Amino acid sequence: MFERLFRHTRSDLLAYIARRAGSSEDAADVLAETYLIAWQKLDAIPAGDRARLWLFGVARNLLLKSASRRRSGSLLAERLAGELRRSTAVHAPVDREAADAVRAALAALPERDREILTLMAWEGLTPKQIAAVTGSSANIVRVRLHRARARLKRQLGSVRAAMRRPEPAAIEYDC
């Protein structure tokens, strides 16, 4: 039944979608998703010529959702750009040497430590919220956070010590 439905409707449906989609890639995606829904709801598709109209309705809904997602994506990008401009304008100049030391110390930590520290420091999440994000318990997050902070402190000390070491002077030889 599905194969027959596909053969009898694909040209008309593709033409309908192609005229309304933003690009040929979008049209292909909507067509594929329309037939995926049809496959999943094969028993609910009306009989006869109404099946074609049902597919057009599914495609129409998918096109509307796609347009809505594009608008939402544009609005989100604009909002994030505005927030980024505001946040960089508000913050005082950063001590580049200190920032570089923290970046180097963070980079030297294991990924698991970096993740938990940045979720807390940069995203402002509590241990309970971090637990929800990472799929752990809040108590485990607290312990990992304590250990990660200790490792970061040690690593930061090492990085700062390395930054303070003078470069060895070039040795000149008399020949």
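The values are calculated or read from the model by the stated rules, or taken from the named source; none is laboratory data. As the structure is a prediction and not an experimental result, all values here were calculated from the model. Don't worry about glycine lacking a Cβ; one is built from the backbone with ideal geometry, like all the others, and counts go over all protein chains shown.
Numbers below:
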| item | result |
| --- | --- |
| So G82, is it part of a loop (DSSP other than H, G, I, E, B) and either within 20 Å of the chain's Cα centre (by Cα) or modelled with pLDDT under 80 (or both) | no |
| Test: residue in segment 25-34 that is exposed (fewer than 12 other Cβ atoms within 10 Å of the Cβ), assigned to a helix (DSSP H, G or I) and either touching a strand residue (DSSP E or B) at 6+ places or on another chain (Cβ under 8 Å) or modelled with pLDDT under 85 (or both) | no |
| Filter result (over 25 Å from the mean Cα position of the chain (by Cα) and over 20 Å from A107 (Cβ atoms)) within segment 141-156 | R142, V143, H146 |
